[in-house]
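In what follows, a structure is listed as structure tokens, so that the remarks can point back to it.
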Amino acid sequence: MRTIIVGLNFGKGDFDASMEELHLLVNSAGGEVLAAVAGTRKAPDAKLYIGSGKADEVKVEAQIHRADCIVFNHAISPAQQRNLEEFFGVRVMDRTALILDIFAQRAKSHEGKLQVEMAQLEYMQSRLTGLWTHLERQRGGIGIRGGMGESQLEIDKRLISERRMKLKAELAKFERQHKTQRLARTRGTGLNISLVGYTNAGKSTLFNHLTSAKTYAADQLFATLDTTTRKVFVEGAGQLVVSDTVGFVRDLPHQLVAAFRATLEETIQADVLLHVVDAASSVRMEQIDEVNKVLKEIEAEHIHQILIWNKIDLTAHEAGIERDENGKIARIYISAKTGEGMAQLREALVELAENHTPDWKREREQANEWANDPRFRSN
């Protein structure tokens, strides 16, 4: 699809990096970016988001390149989308719709497809009223408020609500299955580890290196959507459970976070999060912040986290372990691609396993404390 990308700089964050990421997102969705139009504003325009002057500029670019689609690097309202499509005469998408489209293309498992459909329906439902405004003005007869547009809007809302209810029921079954599988998998094992991080940081490559698995890993955004879990034996640390999760991105649609909550449950239940960071990225600190925002949204911010500084083969960093002022592991420098630093990572896993108290042992210790507590003794 021939695409023009549009972004406004509101003076927050790294604007150039954000536009570059939008370019990559369009490519990931199968589109071709023909031109980029950028501008600066203090606040969005209520009608056309980018204002009439900048909209004229975008329209000229769209006509020159015969664009099929214009993608905004922002979340735009349904009314703004309608106004822009009427003005440009071509399809308009915002960043949220683009990410949902990529997830829909990449979802392979039945559960993944259901999760993406749920997110798409929630996104669509929130926009129906604005998109149907031009029909809601119609009347059904003299003195009667209503008409084709209004009735069609109600039909669409009802159909979406019914489909969402069915999807929720199916996803609830998957959630119960996940819980049963998790209990069976973690019984008798030691550390439960979850790999998290920004998309394309190298989580799947690291997962394959640790577990000898053959999960799909590629230099592209959202290469992996489904959570993959493997048991792995590490000498000195015993048997560990390692999970590879979906990558995050700035402004990840909340609809996706909600729909993928069952998948992200592996993250919530982990003992340790290995937060994989692209050490070669110029915006790695912003990416770390974005990942932490999502972790907070899924209530996983309290879980012990270690930064894995990946892709050091593209930087001047040397493999090794960095500790905080208390002597605890804070950061590990590795290259999952070349294998540099993997020995140090395994050393760190051994140390983490030694300091980890399994759930069964923790429950037994707590039971012994209660048994010895005078307040709980019978006379």
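The values are calculated or read from the model by the stated rules, or taken from the named source; none is laboratory data. Every value quoted in this text rests on a predicted model; they were computed, and no experiment measured them. Cβ sites come from the backbone with ideal geometry, for glycine too, and all protein chains shown count toward neighbours.
Of the residues Val90, Val58, which single one is more than 15 Å from Pro253 (Cβ to Cβ) and in contact (Cβ under 8 Å) with a residue 40 or more places away in the chain?
On the way: Val90 fails: in contact (Cβ under 8 Å) with a residue 40 or more places away in the chain.
Unique residue meeting the criteria: Val58.
On the given criteria, is Ala279 small (Gly, Ala, Ser) and surrounded by 21 or more Cβ atoms within 10 Å (Cβ to Cβ)? Give the derivation first.
Working: small (Gly, Ala, Ser): yes; surrounded by 21 or more Cβ atoms within 10 Å (Cβ to Cβ): yes.
Yes.
Do we have Asp289 as of a type in the set (D, E, K, R), over 21 Å from the mean Cα position of the chain (by Cα) and either surrounded by fewer than 21 Cβ atoms within 10 Å (Cβ to Cβ) or within 30 Å of Asp16 (Cα to Cα) (or both) here? Don't jump to the end; show me each part of the working.
Details: of a type in the set (D, E, K, R): yes; over 21 Å from the mean Cα position of the chain (by Cα): no; either surrounded by fewer than 21 Cβ atoms within 10 Å (Cβ to Cβ) or within 30 Å of Asp16 (Cα to Cα) (or both): yes.
The answer is no for Asp289.
Looking only at the range 61-95, residues that are surrounded by fewer than 21 Cβ atoms within 10 Å (Cβ to Cβ) and part of a helix (DSSP H, G or I) come to 13 in all. Name the single residue that is surrounded by the fewest Cβ atoms within 10 Å (Cβ to Cβ) among those in the range 8-44 being in contact (Cβ under 8 Å) with a residue 24 or more places away in the chain and charged (D, E, K, R). Only one residue tops the list, namely Lys42.
Within the range 145-172, restricting attention to residues that are of a type in the set (Lys, Arg) and over 16 Å from Phe260 (Cβ atoms), which residue is modelled with the highest pLDDT? Once the filter is applied, the top-ranked residue is Lys166. Looking across the range 294-315, just one residue is part of a loop (DSSP other than H, G, I, E, B), in contact with an Asp or Glu (Cβ under 9 Å, 6 or more places away or on another chain) and of a type in the set (D, E, K, R), and that is Lys311.
Would you mind stating whether Glu318 is among the charged types (D, E, K, R), more than 26 Å from the chain's Cα centre (by Cα) and either modelled with pLDDT under 90 or in a loop (DSSP other than H, G, I, E, B) (or both)? Steps first, answer last, please.
On the way: among the charged types (D, E, K, R): yes; more than 26 Å from the chain's Cα centre (by Cα): yes; either modelled with pLDDT under 90 or in a loop (DSSP other than H, G, I, E, B) (or both): yes.
Taking the combined requirement at face value, the residue satisfies it.
Residue check, Gly7 against (1) assigned to a helix (DSSP H, G or I); (2) under 18 Å from Met93 (Cβ atoms), all met but one. Which one? It fails just one condition, (1). Taken over the range 296-346, residues that are in contact with a strand residue (DSSP E or B) (Cβ under 9 Å, 6 or more places away or on another chain) and acidic (Asp, Glu) amount to 4.
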